[in-house]
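Novice: Please see the structure below; I have some questions.
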Amino acid sequence: MKRGQFLRSLGLSTSTLMAFYCLGTTMTACGSKEDDPDPVDPNPSGGTGVTGTTTGSAINFTIDLTKNTSLKTAGEFKIFGDVLVAFSTSSTYAALSKICTHEGNTVGYRKAQNDILCPFHQSEFSLTGAVEQGPAAAPLKAYKTSLSADGNTLTVTA
Ligand code: FES
């Protein structure tokens with residue numbers, strides 16, 4: 001039985017029913033705030049200084065790090081199309097699908113844990129994409145990264 005059917009079965013007045021509905025809405029809103037998962041950094045979308053294909057199955061793009069300087073700071077990340085690029089706390093680059101393999105929500109990088117978290121149901125992934133904690137069962141797709149000799153261009157390929 002749904003909530004509305006249950007409340008109507010109690011024979012309550014319309015105004016009382018509305019109070020229940022509003023209370024339910026308020027509690028839901030409060031509950032979702034209290035249930036906020038471990039925070040990931042705000043979704044920092046890349047835009048400038050990127051050329052190539054950042055979405056779909058033929059990922060192949062370059063990032064001008066002189067225009068995306070945060071990616072020269074260990075523990076930072078950006079999202080380019082379908083790909084999350086992180087400069088890990090150990091100063092290595094990782095590029096992974098941003099699409100969680102559980103239900104397709106957007107994952108984020110956690111500096112403190114140096115890993116990937118899906119904030120929707122708390123799946124955790126290593127920087128190689130391996131599942132460290134479910135509910136996700138399949139790994140994130142990992143892409144190859146290559147840094148230019150001068151350290152100013154990062155290439156991401158499938
Ligand atoms: S969508 Fe990522 S854990 Fe559920």
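Novice: How many residues does region 115-141 contain that are buried (at least 17 other Cβ atoms within 10 Å of the Cβ) and either away from the ligand (no atom under 16 Å from the Cβ) or aliphatic (A, V, I, L, M) (or both)?
Specialist: So the answer is 6.
Novice: Could you check residue 144 against (1) within 16 Å of the ligand (Cβ to nearest atom); (2) touching a residue at least 12 places away in the same chain (Cβ under 8 Å); (3) within 24 Å of residue 56 (Cα to Cα); (4) among the charged types (D, E, K, R) and say which number it fails?
Specialist: So residue 144 meets the others, but not (1).
Novice: Looking at this structure, is residue 82 of a type in the set (D, E, K, R), closer than 19 Å to residue 48 by Cβ, within 16 Å of the ligand (Cβ to nearest atom) and surrounded by 14 or more Cβ atoms within 10 Å (Cβ to Cβ)?
Specialist: Working: of a type in the set (D, E, K, R): yes; closer than 19 Å to residue 48 by Cβ: yes; within 16 Å of the ligand (Cβ to nearest atom): yes; surrounded by 14 or more Cβ atoms within 10 Å (Cβ to Cβ): yes.
Taking the combined requirement at face value, the residue satisfies it.
Novice: Identify the residue in region 90-104 that is within 12 Å of the ligand (Cβ to nearest atom) and out of contact with any Cys (no Cβ under 6 Å at 6 or more places or on another chain) and, among all such residues, is nearest to residue 146 (Cα to Cα). Talk me through it step by step, then tell me what you get.
Specialist: Here is the first cut: in region 90-104, the ones within 12 Å of the ligand (Cβ to nearest atom) are 97-104.
Among the residues that remain, those that are also out of contact with any Cys (no Cβ under 6 Å at 6 or more places or on another chain) are: 97-99, 101-104.
On the way: 97: 17, 98: 19, 99: 22, 101: 25, 102: 28, 103: 30, 104: 27 Å.
My answer is 97.
Novice: Scan region 59-78 and give yes if some residue there is within 16 Å of the ligand (Cβ to nearest atom) and aliphatic (A, V, I, L, M), otherwise no. Don't jump to the end; show me each part of the working.
Specialist: So in region 59-78, the residues within 16 Å of the ligand (Cβ to nearest atom) come out as none.
For region 59-78, residues within 16 Å of the ligand (Cβ to nearest atom) and aliphatic (A, V, I, L, M): absent.
Novice: Restricting attention to region 43-73, which residues are at pLDDT 90 or above, surrounded by 14 or more Cβ atoms within 10 Å (Cβ to Cβ) and part of a loop (DSSP other than H, G, I, E, B)?
Specialist: If the condition is that a residue be at pLDDT 90 or above, surrounded by 14 or more Cβ atoms within 10 Å (Cβ to Cβ) and part of a loop (DSSP other than H, G, I, E, B), then 54, 59, 65, 68 are the ones that fit.
The values are calculated or read from the model by the stated rules, or taken from the named source; none is laboratory data. This structure is a prediction, so every number in the text was calculated from the model and none was measured. Virtual Cβ from ideal backbone geometry, glycine too; neighbours counted across all protein chains shown.
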